[in-house]
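Read the structure below first, then the notes.
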Amino acid sequence: MPSSPSAYHEGPSECSIGRWDNTYLDLWSDGEEPQSPVVAEADEVEVSGDAASKGQMSVLDALKGVLKLALMHDGLARGLREASKALDRRQAHMCVLNEACEEEAYKKLVVALCSEHKIPLIKVPDGKQLGEWAGLCVLDREGNARKVVNCSCVVVKDWGEESQERSILLNYFQTEQ
């Protein structure tokens, strides 16, 4: 049996954490992290034909981007329990409801909470698509969504960072009222 804990460790120092790409980060260093090239990935958004001529994206495309950003910043409440709590506490910036939801009482509750607290509501036609946008799926190696769970309601509690999609949705809410 080895006498020191470092005998079990094959990394460059005693206080390092292994990562998936087999590089190591030294926790006791002077705050310097290993520099790796940062590649900015541009999200390609498919734009409908009439919006493409104007250079604008549709509301559903903007909604997809906002939900993706809010998911990354842990700002989504998914499902009836989380959504109703966020709506009742007035923590919600906006709510997304599935039109094809089979429970009428569910839809009435969400619509009533949104109208009572003056929270913007968007209705989407497909629950599977909403579930994919809200992160209720498993991604395969290529990044395609597998095992998508149907979602009836999503509430955005934290926008994340400022984005073009967010401004498009806010403009949409202003014009709808």
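The values are calculated or read from the model by the stated rules, or taken from the named source; none is laboratory data. Source: prediction; values computed, not measured. Counting neighbours? That spans all protein chains shown, and the Cβs are built from the backbone with ideal geometry, glycine included.
Of the residues examined, GLU116 is not one that is acidic (Asp, Glu) and over 15 Å from LYS85 (Cα atoms).
Here ALA42 meets the list (1) under 25 Å from LYS157 (Cα atoms); (2) loosely packed, with under 10 Cβ neighbours inside 10 Å; (3) at pLDDT 50 or above almost entirely, failing just condition (3). Only one of the numbered conditions (1) touching a residue at least 24 places away in the same chain (Cβ under 8 Å); (2) in a loop (DSSP other than H, G, I, E, B) is violated by LEU87, and that is (2). Screening LYS123 on (1) within 15 Å of LEU67 (Cα to Cα); (2) touching an Asp or Glu at 6+ places or on another chain (Cβ under 7 Å); (3) in a helix (DSSP H, G or I) shows it passes everything except condition (3). Scanning the stretch 126-163 for residues being loosely packed, with under 14 Cβ neighbours inside 10 Å and either in a strand (DSSP E or B) or of a type in the set (A, V, I, L, M, F, W, C) (or both) gives a total of 3. Basic (Lys, Arg), assigned to a loop (DSSP other than H, G, I, E, B) and surrounded by 11 or more Cβ atoms within 10 Å (Cβ to Cβ): is that true of ARG166 in this structure? The answer is no for ARG166.
If a residue has to be in contact (Cβ under 8 Å) with a residue 12 or more places away in the chain and surrounded by fewer than 17 Cβ atoms within 10 Å (Cβ to Cβ) to count, how many in the stretch 107-121 make the cut? The qualifying residues number 3.
Taking the criterion of being of a type outside the set (D, E, K, R) and more than 19 Å from ASP74 (Cα to Cα), would at least one residue in the stretch 151-161 satisfy it? The answer is no, given that none of the residues of the stretch 151-161 is of a type outside the set (D, E, K, R) and more than 19 Å from ASP74 (Cα to Cα).
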